[in-house]
Each structure stands twice: as structure tokens, then as C-alpha cells.
1. Report yes if some residue within the range B:124-136 is more than 13 Å from chain A (Cβ to nearest Cβ), surrounded by 17 or more Cβ atoms within 10 Å (Cβ to Cβ) and either closer than 30 Å to A:Ile209 by Cβ or at pLDDT 90 or above (or both); otherwise report no.
2. Has the range B:39-60 got any residue that is surrounded by fewer than 16 Cβ atoms within 10 Å (Cβ to Cβ), at pLDDT 85 or above and more than 29 Å from A:Arg118 (Cα to Cα)?
3. Every residue in the range B:80-115 that is more than 22 Å from B:Ala185 (Cβ to Cβ) and open to solvent by 40 Å² or more (accessible area, probe 1.4 Å), please.
4. Go through the residues of the range A:202-211 one by one and say whether even a single one is within 14 Å of another protein chain (Cβ to nearest Cβ), within 21 Å of the chain's Cα centre (by Cα) and over 25 Å from A:Ile226 (Cβ atoms).
5. Scan A:Ala159, A:Ala152 and give me the residue that is open to solvent by less than 10 Å² (accessible area, probe 1.4 Å) and either under 17 Å from the mean Cα position of the chain (by Cα) or at positive phi (or both).
6. Would you tally the residues in the range A:54-68 being acidic (Asp, Glu) and surrounded by fewer than 20 Cβ atoms within 10 Å (Cβ to Cβ)?
7. Do we have A:Leu251 as under 16 Å from the mean Cα position of the chain (by Cα) and free of Cβ contacts under 8 Å to residues at least 60 places away in the same chain here?
8. Taking A:Val86, is it closer than 26 Å to A:Gln227 by Cα, touching an Asp or Glu at 6+ places or on another chain (Cβ under 6 Å), assigned to a helix (DSSP H, G or I) and among the β-branched types (Val, Ile, Thr)?
Amino acid sequence: MNNNSLWSDALYRLSRNRAAMFGGFILILLIICAVLAPWIAPYSYSYQDLNLGASPPSSEHLLGTDVLGRDLLSRILYGARISLLVGFVATGVALIIGVSWGIVAGYVGGGVDSIMMRIVDVLYGLPFIIFIILLMVIFGRNLWLLFGAIGAVEWLTMARIVRGQVIGLKNQEFVMAAKAMGVSNLSMFRRHLLPNILGPIAVYATLTIPQVMLLEGFLSFLGLGIQPPMSSWGTLIKDGVESMEEFSWLLIYPGITFTITLFALNFFGDGLRDALDPKTSDD
Amino acid sequence: MIAIFIRRIFVAIPVLLAVASITFFLIKIAPGGPFDADKAVSPQVLKNLNEAYNLDASNWEQYLDYMSGLLQGDLGPSFRFPGRSVTEMIATGLPVTFELAFYAIIIALLIGIFSGVLAALKRNTFLDFIPMAIAMIGICVPTFLMGPLLVLIFGINLEILPVSGWGQLPGDKILPSITLGFAYAAYIARLSRGGMLEVLNQDFIRTARAKGLTERMVVVKHAMQGGLIPVVSFLGPAIAGLLAGSFVVETIFQIPGLGRFYVEAAFNRDYTMILGTTIFFSAMIVFFNLMSDIAALWLNPRSRDS
């Protein structure tokens, strides 16, 4: 199989794409910061210096403090944990549902396929943000519910992409040969189909993470996402907006962090797509 | 064409009924009644309230009652605002939200199509890179950050535009419309650039040029019709996004529209209002998706006849 050469080709193309490499570099840096937050953050995220109140950036508090005297840099670092966690976990949920759905629909085909894809079509046309808000209102603002709800919304496109790929693979000789040899359905998925659709899945997953993070930020901004004392970048921006007239740094620094992260993810995702599938580079 | 239209409507009606039913029962299993909020009421008052809002009937009876009301356009009374019906509140908020969404989409289309087509025509030049870099910013800076930043710059520091309100001060509609429209301008710019690039390489464009049409005619009459189909297909789903954007923009700028009513209802646990607006939003989105699909089909000559 030329599987290896596809990936090494892609890796080569990716390494030539400066924007994508830069995005990837920023992402790795952010992930390291998020994981190491308890050790590298100068203060605890909940430590309050009430005498200080909101203070502009200084040598002691590099990015200043918020109205309760909490160090903004530490809160951004801890916020990275939540924001990135939501991004990755919810994307993972979307991935699992979408890939299974797409593989089954594409591989089984026929009536099952058309029913499954019709369901996807119908769900596509519904205002899902409203359902997430509804779920958060009804069941309380639980972090895991948030992961599940966002993941349950974002799987639709993944299912479509995977189904298309599987239909393309289904009639190729190696799949037919495997079938003729009596390979079970499960190992057909695992050994033959999944490895061949990893490329598009990886691309779409990278591009889903920023969508998910935006959605979390949106919910937290409305006050329907992460609850205090936990904070995500969305809640930091919300807090920043409330006091931006006097203390503009409280809005600007979390905003810059969030935007840079989204940039990095988008550049990396675009680069990955160009690297794995040069044909579709114009979008 | 008409057959597709009719078939889609026949699919849409049961979908909307299912949405209404699921939402209704989701809200029924929500913990806490609508009246056990702030101050405790005496059992007798609670009983009367439940009777007045028909909450003492069985769930099934309430459901049938609600659905028959729904079919007549009656979404029931609001739990939080006594004496006001949900239909009435939607009717007050809707024109405001529509106006906001309308300005936003006009801004998005004008800026997006212009810069996207320009970028495609001047591919790999300055006029391609700069608009596309700005579009990337528009996609990466979320509405809930863009809005406050615009307020900070134009409202608070430069003091040239009002920071909130809708139709009370001159110019107070400008910032909300730009905030909501900017992200869509970015998407539309990218889509129209991609669509135009695809069309510009095709044979019929070469033919049009070969027969001596001016470049303007080639672009406007021939290329744009096909090149902008992705934009048209995008507009339907964009309505759903505009709605979500209106939640944020109306909250930031304190605009009395449907989006803000919905967010407030979510906070107040005004269940009938949540239920009513959810059904209404779903119906609207299904409708706009249908419209944009039909428009995209009609623009594409290959699918027009089938």
C-alpha cells in the first residue's frame, strides 16, 4: 500500500507551509501552557488580592488584575485548560458519532443509507444553538453536558464527509477482496475502511475544534456556559466586557489570546487540508 | 422545481411538529415549576395559578391543548410577564431582529461579494491577499469580541457613535449591524472567491472573452451567475447563524429584539416563552433553508430543468 508515502508526502508539504507550521507551533505552546498551568501560573486562579482591585499590567502582574484582584495571566492560563478541553473533547464526541454514522450509512447503503442521511439532512436544518441553550437551561450548566451537547451538534458534517469517502472506497478491489475472504464487518471498518479515510477526518476534526471553541465562548458569553469560579476564555471575555470602560485590558488580553488560538487552529487545519488533498486547496 | 418545493414542504411539516413535541416534553421534565422562583406563594395562590395556566391538567391534555393552540398561531401566555401572550412578545421583538438581520446581511453581501470577486479576478496579487487576510480576521474574531471592541473604539474612545440602543439616537444602528454583518462578509468573501475561481477557468468564459465581450460583461453577466451559487446556498444556513449572532449583538447593544427576549427567557425560566420562540425559530430556519435551496437550484441551469 502507498499509505506511508501519502502521509510522508503530506508531512513534507505541511512542513513547507509556513503559516500552518506557525499555527501548529502556537498550538503546541498553548497545549503545554494549559497542561502545566498549575506550575507555571504565577498565582492561583482564585487567589484574590482585594486591596489591589483592578490594576493595569505591572511587573508583579504581567497582564494586570481583575476587579477582585485576581491575576489575569493566571486566569488566562487556567482558562486555556477549560477552553481547549471543550474544544478537544466535544470534537471527539462529534468525531465518534459522525464517523460511525457515516461508515455505517456508506457501507451498508441502500434503504438504511437513505434513511440515515435523510435524518442528517433534517437535523441540519434545525436551530441547534437553541437546543443547546434549552438543554443548559433544563439540566443546569454542567461541563460534561456542555461537551455532549456541542458534540451532538457538530457531528453532522463529519457524517456526510465520511459517508462520501466510504462509498468511494466500497467498490475498490481490496475491499471486495477482503469481503470475499470473509472478513467480519468490524474488522473491515477497522482494518480497511478507517485507515483510508483518516486524512479527511483529521482535516475536518482540526477545523471543527475552533468551531466548538467559538460555540463554548458564545454560550459562556451569554452566561449559559462555564460557571464561576471556573473560567474559560469565553467567561473572561464576558467579565472583560462588563468592566471594559475603565479597565480595557481585562477585555483585550483574553480577546487576543482567544483570537490567536482560533487563527492558529484555522491556519493549521487549512494547511493540513492542502497537504493531504492538494486538489481542494481553493475553498 | 415545483415538485421539489412541494416535497420539501411535506417533509418540513412533520419535522416542525416533532420539534414542537420534543421541546414541549423536554420542558415538562425540567426540574422546578415556573412559579417557585423568588418569593414563596401560598398553596392556594399556587393552586389558582396552576389552574389559570392549565398546569393541573395531565401532561397529555396540556400537550393536546398546546398543539391545537399552536396550529392557530396561539403560543400561550408568558409565565413571567402576566397578561402578555408569547405570540404578542414575538410580534414585538421580531421586526427589530429582522431589521438588524437585514442590515447585517446587506453589509455582508455588499462587502463580501465585492471583495471576493475582486480577489478572484486579481488572484495572487495585493488585492487578493489583503481582503482575504481581513476575511480571516473576520472568521477568527467572534461576534462577542468584535462587538465590545467596536464599542470600545468608536463608542467610548472616539465617542462618535452611540454605545447602545436601537432607533433612539442617530447612528445607533450602525455598530450593531456592522458587528453582526462582519463575520458573514468574511465567509461570503471566501465563498465567492472560491466559486468565481472555479467558474473563471471554464470554457464558456473563454468563449465569452473570445467573442469580444468587455471584461465587465464577462464577469457580471457570465461568471458571477455561476460563481455565486455557493453564496446563495450559504445564505439559508447563514440565517440560523444570524439568529445566534442576534442573541449576542442584542445583548451587547441592549436592543429589544427577539434574540434578547430569548436569552432573558432562558435566564428567567419563562418556559412558555422558550417553547414558543424555539418553535418559531425552527419554523423560520426551515423556511429560509428551503428558500435558499430553491434559489440555488434555480440559478444552476443543469438542475433547473430536472
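The values are calculated or read from the model by the stated rules, or taken from the named source; none is laboratory data. The model shown is predicted, which means the values in this text are computed figures rather than measured ones. All Cβ positions, even for glycine, are placed from backbone atoms using ideal geometry, and neighbour counts span all protein chains on display. Only protein heavy atoms, including side chains, enter the accessible area calculation; ligands, DNA and RNA are left aside. Shrake-Rupley method; radii C 1.70, N 1.55, O 1.52, S 1.80 Å.
1. yes
2. So far as the range B:39-60 goes, no, none of its residues is surrounded by fewer than 16 Cβ atoms within 10 Å (Cβ to Cβ), at pLDDT 85 or above and more than 29 Å from A:Arg118 (Cα to Cα).
3. Result: B:Arg80, B:Phe81, B:Pro82, B:Gly83, B:Arg84, B:Thr87, B:Glu88, B:Ala91, B:Thr92, B:Pro95.
4. There is no residue in the range A:202-211 that is within 14 Å of another protein chain (Cβ to nearest Cβ), within 21 Å of the chain's Cα centre (by Cα) and over 25 Å from A:Ile226 (Cβ atoms).
5. Going through A:Ala159, A:Ala152 in turn, the sole match is A:Ala159.
6. So the answer is 1.
7. No: the conditions fail for A:Leu251.
8. Considered against the rule, which asks whether it is closer than 26 Å to A:Gln227 by Cα, touching an Asp or Glu at 6+ places or on another chain (Cβ under 6 Å), assigned to a helix (DSSP H, G or I) and among the β-branched types (Val, Ile, Thr), A:Val86 comes out as yes.
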